[in-house]
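What follows is a set of notes on a single structure, which appears directly below.
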Amino acid sequence: MNDQHTAADEKHEIALSEPVKNLGKLDSFISDLYSRAIEQGGAVPTSRAVLLNLVIYAASTELADEAFNNASQILSSVACRTILIDRSAAKPEVASVSLICGISERGDKRLCGEVIRVYAVGGPVAGLVLPLLIPDVPVFLWVYGEIPADREDFADLLRVADYVVADSRTDGKTAANLRAIDRLRKIEGGKRIVRDLGWACIQPWREATALHFDALSIRYYLQCVDEVTIKYSGLADKTLPESPALLFVSWLMEMLRMIPSEVFHSKDEGYRITARQDSRSVTLRLIPEDSSLAIGRLIMVKVSCTQADRPGVFTTEAISPTQLVLTEDCRDICLPQKLMEIPNPNDSALAASALSSYRRDHVFARSLDMALQVISQAELADERSARVRL
C-alpha cells in the first residue's frame, strides 16, 4: 500500500492510494484505506458520507492527471465518489483507488472522499463504470476537455447521468463548445441539467454588475444604456470572443431585453454588437487584451448610460483574480468606490459550485440561446465579408 503525494497534499492532510487489479475487490481496498485514514487521523472523527457520484470523462492521460488534482480538491467540500475514466493510459492494473481526507472548515471532523481511476484504453467503459456507482444518489458526468460528438462509450455514460458538467472555455472553441452544450441539454427532451464552467466563472461579475443598479434611485439607468464595453484576457485574431465574455454580454442583453441586429469583428476594434433596446440603439463592445489573467477571464465591464442629459458610467474592474473594484460616476446618489472580494475562479472551485446546485438554471438557458444567436450573426457577417473579398 502506498501513500500518494500529489498537488492535493497541500490542502489535505491524508492522501492514500492503492492499485487495483480486480474491481470485484474494490470495496475491500476502500475499506482498508478508510481504516488507515482513521488510524492516521487520531481523535478527529472521520466522515465517509457520499452525497453523489462524480464520473469524469477524460480523453487523455494529461487531462486525467489534471482532473485527478481538481477532483482531490473538490472532495474537501463535496462528499462524493469520483470515478475518473482515463481513456489513454496503458497500465498493468485495471484501476487505482485513492482516498483524500481533509479537516472540515469548522475543524470538528475529517471529510474523506474516494477517487477511482479506471484505465480503459480502447475497451468498454460503461461495463467498468456502472457497477462502481453508489445507488440512490445523483450521478454527475464531468466532461473534462472537448465534448465528444459520436462516441458510443460517452453516450452510454450520458444515459445514466442526471447532471452534466462541461466547459465552454475548452481550447477557446467558443462556437463548437456552446453548440455542443446546447446539444447536450436537449438530448432526450432535455431531462438532464447541464452546467457550464464558462458560465459559472462569470457569476461574480454578474453579481457585481447588478449591484451597481441595486438602488431604486439608480435603476432607471438600465432603461437608457448607450454603450457597454467588456475587456477580457484573449487574442485579437479569433473569429469569436472567449465564451465567458460572450456569455456575459448575452446575459446582459437578455436581462435588459436587448435584441442584437448586427455583429462586427476586426483586429483593431475587437467585437461590436449593435442591438436595440426598445427604440434605442445600443453598442456592445468585447475587446480582447493581453493580460496576466488566464485566457477568457474578464478584466473590465463598463456600462455607459444617458437619461435626460444625465450621464452615468458604471465600471467593474478586476485588480486581481479574487478582487473587483466597483466605480460609479453619475449625478444621482452613486455609491463610493467599493472593493469586492470574489471566490478563487479555479476549475476545482467552479466544479464544486456546479456539483452543489441541483436546480435547473433558466437564466443560463436564455443566455445560451442569446449567445448562439450572436454566433450565428457573426458567422453570417463573416460569410458576407468573404463574398465581398471574392
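Put simply, of 88, 77 the only residue that is more than 26 Å from residue 184 (Cα to Cα) and in the same structural domain as residue 30 (by TED's automatic domain parsing) is 77. Annotation note: Cβ proximity below 6 Å between a residue of the stretch 266-293 that is part of a loop (DSSP other than H, G, I, E, B) and a residue that is of a type outside the set (Gly, Ala, Ser) (sequence gap 6+ or interchain) occurs for 291/299. Among residues of the stretch 14-35 that are within 24 Å of residue 103 (Cβ to Cβ), those with a beta-carbon under 7 Å from a residue that is part of a helix (DSSP H, G or I) and among the acidic types (Asp, Glu) at least six positions away or on a different chain give the pairs 15/9. Of all residue pairs spaced 6 or more apart or on separate chains, those with beta-carbon atoms under 9 Å, a first member in the stretch 186-200 that is of a type in the set (Phe, Trp, Tyr) and a second member that is surrounded by 19 or more Cβ atoms within 10 Å (Cβ to Cβ) and not in a helix (DSSP H, G or I) are 199/168.
Residue by residue through the stretch 216-253, note down the ones that are surrounded by fewer than 19 Cβ atoms within 10 Å (Cβ to Cβ) and either within 12 Å of residue 285 (Cα to Cα) or among the charged types (D, E, K, R) (or both). Correct list: 219, 226, 227, 229, 237, 238. With the structure loaded, tell me whether residue 318 is in contact (Cβ under 8 Å) with a residue 40 or more places away in the chain, aliphatic (A, V, I, L, M) and out of contact with any helix residue (DSSP H, G or I) (no Cβ under 7 Å at 6 or more places or on another chain) or whether it fails that test. Spelling it out, it is not the case that residue 318 is in contact (Cβ under 8 Å) with a residue 40 or more places away in the chain, aliphatic (A, V, I, L, M) and out of contact with any helix residue (DSSP H, G or I) (no Cβ under 7 Å at 6 or more places or on another chain).
Residues that are outside any loop (DSSP other than H, G, I, E, B) and of a type in the set (D, E, K, R) within the stretch 314-336 comprise 317, 328, 329, listed in sequence order. Inside the stretch 68-105, residues that are at pLDDT below 85 and part of a strand (DSSP E or B) make up a count of 3. The numbered conditions (1) out of contact with any Ser or Thr (no Cβ under 8 Å at 6 or more places or on another chain); (2) part of a strand (DSSP E or B); (3) within 30 Å of residue 262 (Cβ to Cβ) are all true for residue 339 except (3). Checking 110, 159, 81, 117 one by one, the residue that is in contact (Cβ under 8 Å) with a residue 40 or more places away in the chain, closer than 29 Å to residue 173 by Cα and either surrounded by fewer than 16 Cβ atoms within 10 Å (Cβ to Cβ) or touching a strand residue (DSSP E or B) at 6+ places or on another chain (Cβ under 8 Å) (or both) is 117 and no other. In the stretch 51-67, the count of residues that are at pLDDT below 85 and closer than 18 Å to residue 144 by Cα is one or more. Screening 273, 218, 287, 259 for residues that are touching a Gly at 6+ places or on another chain (Cβ under 7 Å), of a type in the set (Val, Ile, Thr) and in the same structural domain as residue 308 (by TED's automatic domain parsing) leaves exactly one candidate, 287.
Being of a type outside the set (A, V, I, L, M) and part of a loop (DSSP other than H, G, I, E, B) is a property that residue 359 has. Are any residues in the stretch 145-156 in contact (Cβ under 8 Å) with a residue 60 or more places away in the chain and touching a helix residue (DSSP H, G or I) at 6+ places or on another chain (Cβ under 6 Å), and if so, which ones? Of everything in the stretch 145-156, those that are in contact (Cβ under 8 Å) with a residue 60 or more places away in the chain and touching a helix residue (DSSP H, G or I) at 6+ places or on another chain (Cβ under 6 Å) turn out to be 145, 146, 148.
The values are calculated or read from the model by the stated rules, or taken from the named source; none is laboratory data. Remember, it's a predicted structure, so these values are computed and weren't measured experimentally. Counting neighbours? That spans all protein chains shown, and the Cβs are built from the backbone with ideal geometry, glycine included.
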